[in-house]
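What follows is one structure encoded as structure tokens, with my remarks underneath.
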Amino acid sequence: MDYGLLGEKLGHSYSAIIHSRLGDYSYIHFEKKPEELDAFLKTGKFDGLNVTIPYKKAVIPYCAELTPQAQALGAVNTLVRKSDGSLLGHNTDYFGFETMLKHSGLSVSGKKVLVLGSGGASNVAVAVLQAHGAMTVVISRQGQNNYENLHLHADAAVIVNATPVGMYPNTDAAPVDIARFPRLEGVLDLIYNPARTRLLQAAEDRGLITENGLLMLVAQAKEASQWFTGESISDEKIFEIHQQLRQAEENIILIGMPGSGKSTVGRLLAEKTGKVFVDADALIPELAGKSIAEVFAEDGEDVFRQHETKALAYLCKESEIVVATGGGCVMRPENEAILRQNGIIFCLERRLDSLEAEGRPLSQSVGVAELYRIRQPKYAELADYFIDNNGTPEEAATAILKIWEELE
Ligand code: NAP
């Protein structure tokens, strides 16, 4: 049986990976231009399709039947070939967003929920939220409720981002400043790449409930798979695949004093996880056009730190990598969001008298003890976990992997 994903530009999509874990069938990418759509839908060889941007409405005329959800949303994200050869159109995004909302633990009944964006995903979110008793307000750039009059909604309890603002590769953007919403309880972001958009990070910093769009993506795929094959799949499978995807996609970020073993442990972790190891400092000579020692000697530490931030911003929006950072990167506040967007941060700790200072300009000029005194509070602020690296690198890597395997 042939299933797949239909869209105009598919690029890197998690759908094929997710479906390979949901059932034993082939799942192909069908990238079609608008002028190719008609012929493909009439004569294409497929038993079922997921449909994505920009065809969720365009496929409707080709459906002999629509489910009530597809009808209510005016959008189809799943096509199923029936036994008579005709197509049934359904929308599994509803189940996807509802799964995400429920998992967040947010209660929206009777509360004001702002839904940012007025596209297809916004329609789905509004339908689910209203079914759960929320009072929804759609914020649209051209709408009556827009980004200029957000003050009218300072009482919002929940924000749902259904715009692409903050999505890879433009990960340093956020659609709104949540400081404007003092009564906020939670933020849901339909974006899943990066795992923690700037919007979600701001919400996490305030201790609010947050959830990204990965669970929605997996849940909608699970329901689509059931429609494809007719076989029921337990909801537990959603969480199992979600966890596997997180472990595969998210980055392992190593911070710690110069000489604490970040590169050695990082290489081991990359070997064990199949992720790619990157030493952030190795990018700096290319960005600066000179060696790190020359940058320090000729331009000073500030310029070095600027190059370092650029290198980290370039690297850390990618996925599936292990990053060994420079020991002082924690000193620049803007690096925190960059490191955290796709990664879990581990701080390696090693006795100061065993830290290697050779070839490390600041360890030599300032002294290791003084550097540690200055940086320790920053390591403590940034680290999700501290890892003792006074034993072997293998032991430190194993300790990190143990935590990694328990990520949910
Ligand atoms: P869409 O139809 O293109 O709609 C996005 C809406 O966002 C637009 O209608 C627009 O609303 C607003 N928007 C677009 N560019 C903007 C900008 N630069 N600044 C502010 N607002 C902007 O896309 P969609 O299908 O609804 O998807 C929206 C987001 O949800 C995407 O990031 C997508 O990846 C994500 N999504 C995730 C899942 C999942 O399973 N996790 C499923 C579906 C979608 P206004 O013109 O009204 O401002």
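So the values come out like this:
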{"read-out": "Residue ranges of helices (runs of 4 or more DSSP H) in region 1-94 with at least 1 members at positive phi", "value": "none"}
{"read-out": "Some residue of region 137-158 being open to solvent by 20 Å² or more (accessible area, probe 1.4 Å), under 14 Å from LEU188 (Cβ atoms) and near the ligand (Cβ under 7 Å from one of its atoms)", "value": "no"}
{"read-out": "Residues (buried (at least 22 other Cβ atoms within 10 Å of the Cβ) and either within 12 Å of the ligand (Cβ to nearest atom) or not in a loop (DSSP other than H, G, I, E, B) (or both)) located in region 96-113", "value": "GLY96, PHE97, THR99, MET100, LEU101, VAL113"}
{"read-out": "Selection within region 114-136 - open to solvent by 10 Å² or more (accessible area, probe 1.4 Å), within 12 Å of the ligand (Cβ to nearest atom) and hydrophobic (A, V, I, L, M, F, W, C)", "value": "ALA121, VAL126"}
{"read-out": "When residues of region 159-174 are limited to those that are touching a residue at least 12 places away in the same chain (Cβ under 8 Å) and loosely packed, with under 14 Cβ neighbours inside 10 Å, the one nearest to the ligand (Cβ to nearest atom)", "value": "ALA173"}
{"read-out": "Selected residue [open to solvent by 50 Å² or more (accessible area, probe 1.4 Å) and away from the ligand (no atom under 16 Å from the Cβ)] from ASP205, ASP177", "value": "ASP205"}
{"read-out": "Of residues in region 369-406 being more than 23 Å from the chain's Cα centre (by Cα) and among the acidic types (Asp, Glu), the one modelled with the lowest pLDDT", "value": "GLU370"}
{"read-out": "Matching residues in region 46-95 - criterion: being hydroxyl-bearing (Ser, Thr, Tyr), surrounded by 16 or more Cβ atoms within 10 Å (Cβ to Cβ) and either under 23 Å from GLU36 (Cβ atoms) or within 16 Å of the ligand (Cβ to nearest atom) (or both)", "value": "THR52, TYR55, TYR62, THR78, THR92, TYR94"}
{"read-out": "Residue match in region 264-273 (condition: at pLDDT 95 or above, within 13 Å of the ligand (Cβ to nearest atom) and not hydroxyl-bearing (Ser, Thr, Tyr))", "value": "no"}
{"read-out": "Options TYR147, TYR192; residue that is assigned to a loop (DSSP other than H, G, I, E, B), free of Cβ contacts under 8 Å to residues at least 40 places away in the same chain and among the hydroxyl-bearing types (Ser, Thr, Tyr)", "value": "TYR147"}
{"read-out": "Residues of region 20-38 classified as free of Cβ contacts under 8 Å to residues at least 12 places away in the same chain and within 27 Å of the chain's Cα centre (by Cα), total", "value": "2"}
{"read-out": "Residues of region 111-142 satisfying the condition of being more than 20 Å from ALA72 (Cα to Cα) and polar (S, T, N, Q)", "value": "SER140, GLN142"}
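The values are calculated or read from the model by the stated rules, or taken from the named source; none is laboratory data. Quick caveat: nothing in here was measured; it's all calculated off a predicted structure. Glycine also receives a Cβ, built like all others from the backbone with ideal geometry; neighbour counts cover every protein chain displayed. We work out accessible area using only protein heavy atoms, side chains counted, and drop any ligands, DNA or RNA first. Shrake-Rupley method; radii C 1.70, N 1.55, O 1.52, S 1.80 Å.
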